[in-house]
Every structure is written in structure tokens, then in C-alpha cells.
1. Please list, in order, the residues from region 18-52 whose amide nitrogen is less than 11 Å from a point placed 7 Å along the Cα→Cβ vector of ARG130.
2. Among LYS81/LYS134; LYS40/LYS96; LYS47/LYS141; LYS47/LYS145; LYS2/LYS134, which pairs are too far apart, with a Cα-Cα distance over 31 Å?
3. Report, for the chain, the % of DSSP beta bridges that are antiparallel, rounded to 5.
4. Report the residues of region 1-39 in range of a label on GLU107: point 7 Å along Cα→C-beta, backbone N strictly under 18 Å from it.
5. If you look at just the Cα atoms of the chain, how large are its Rg and its Dmax in Å?
6. Mind ranking 82-89, 2-9, 28-35 by how tightly packed they are, going by the mean number of other C-beta atoms within 10 angstrom, highest first?
7. When the helices in the chain are scored as -39500 (n - 2.57) per DSSP H run of 4 or longer and the sum is shared across all residues, what 222 nm value do you end up with, to the nearest 500 deg cm²/dmol?
8. Dividing the convex hull volume of the alpha carbon atoms of region 1-60 by its residue count, what do you get in Å³ per residue?
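Coordinate-derived values only; no laboratory data. Please read all numbers here as calculations on a predicted model, not as lab measurements. Glycine also receives a Cβ, built like all others from the backbone with ideal geometry; neighbour counts cover every protein chain displayed.
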Amino acid sequence: MKIAIYTRVSTTDKGQTTEQQEAILTDYCKNNDLEYEIFKDFVSGSKESRPELNLMLQRIRSGEFKGVLVLRLDRLGRSLKHLLQLIEEFNNKKIKFICLNPQIDTETSQGMFFLQIMGAVSEFERSLIRERIKDKLTYLKANGKVLGRPKGSKDKVYRKRSGYYQRWQK
């Protein structure tokens, strides 16, 4: 059985990598004699459209994979609505969804209930983080801290547009 492994980290500038996730997930595949391909995203889980997730979903729709493997539920998404949409699509396509931590079996009623609870907790956690950031920015602003670029400042470096065009030609 061929499995799509999905890994994600929010940022790369803070030293985050997908290597730890990959090591655990590839060991699982090797121990269970599963063929696999890895999809890595370096973007926030709050975004529904992510390059590697979109590519993985296209290939799932074309029938290349029989399962999706993630280390933790919040790696797949932080929005309960988006998680449920993905799981429903996997179920409709007869794609086995495997989450290692916590172990969730979406083929049972209890598994789906647990998935919904965990998805709601992930979404709640994300909104708490956003509130704390907003509170900190408000505090800094109230204490005279200048945030962002200085007024009238412009980026004086010429930027090539070729990368922009290449991204949108796919």
C-alpha cells in the first residue's frame, strides 16, 4: 500500500524543520512494510491552501495513494472545518487516514468523535495564540514602541518578478 506522508512546520526562520516528523513517520512505514512519499510544507496550519498539501490532494484524487499519514493532527490543519473537510474527502475516496499521536481511527464513530474534539482543541489553541500576540502588540504600541516600517520608508531594492510568474504558471 502506498502512503502519503504529510509534514508541516509553520516557520523556518526559528530553526524548525520537518526532520523529526519525517524520522518517526518513515520508521512507522518501514515497520509496517508501507511504500511512502513525503510531502513537506513550511507554512501556517491556519492556511487551507498550502503548496504541498494541494499537490498531495491532487495525487490522492488521481488514485496514487491508499492512505495519508501524519504525526499529529495539528500538522494537517488548525481549523476544525478544514480538518473535517479533508477527512470526509479521504473517507469518500476510501483513503485510510493515520494519525500517530494520538492514534485516531476515523473508520469508527468513536474515532470520528475524538478527531472532532481534538480538531476543536487545535483551533482553540490557535485562537489563543492570536489573542496573546494581539495583546502584546497593543501593549507595545501603548508604550510607544514603533511597529513596522517607518512612515515614508520604501523598499529601494529592485525585486525580480520571475519567481512570482513561475509560481503562478503551475
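1. 46-47
2. On the way: LYS81/LYS134 24 Å; LYS40/LYS96 19 Å; LYS47/LYS141 27 Å; LYS47/LYS145 29 Å; LYS2/LYS134 43 Å.
Pairs exceeding the cut-off: LYS2/LYS134.
3. Working: 2 of 18 bridges.
Antiparallel bridges make up about 10 percent of those DSSP assigns within the chain.
4. 1-4, 29, 32-35
5. Calculated on Cα positions, Rg and Dmax stand at 19.4, 60 Å.
6. Working: 82-89: 17.4, 2-9: 21.9, 28-35: 12.8.
Put in order of decreasing packing, that is 2-9, 82-89, 28-35.
7. Numbers: 6 runs with 83 residues, N = 170.
About -15500 deg cm²/dmol.
8. Numbers: hull volume 4.3 nm³, N = 60.
That works out to 72 Å³ per residue.
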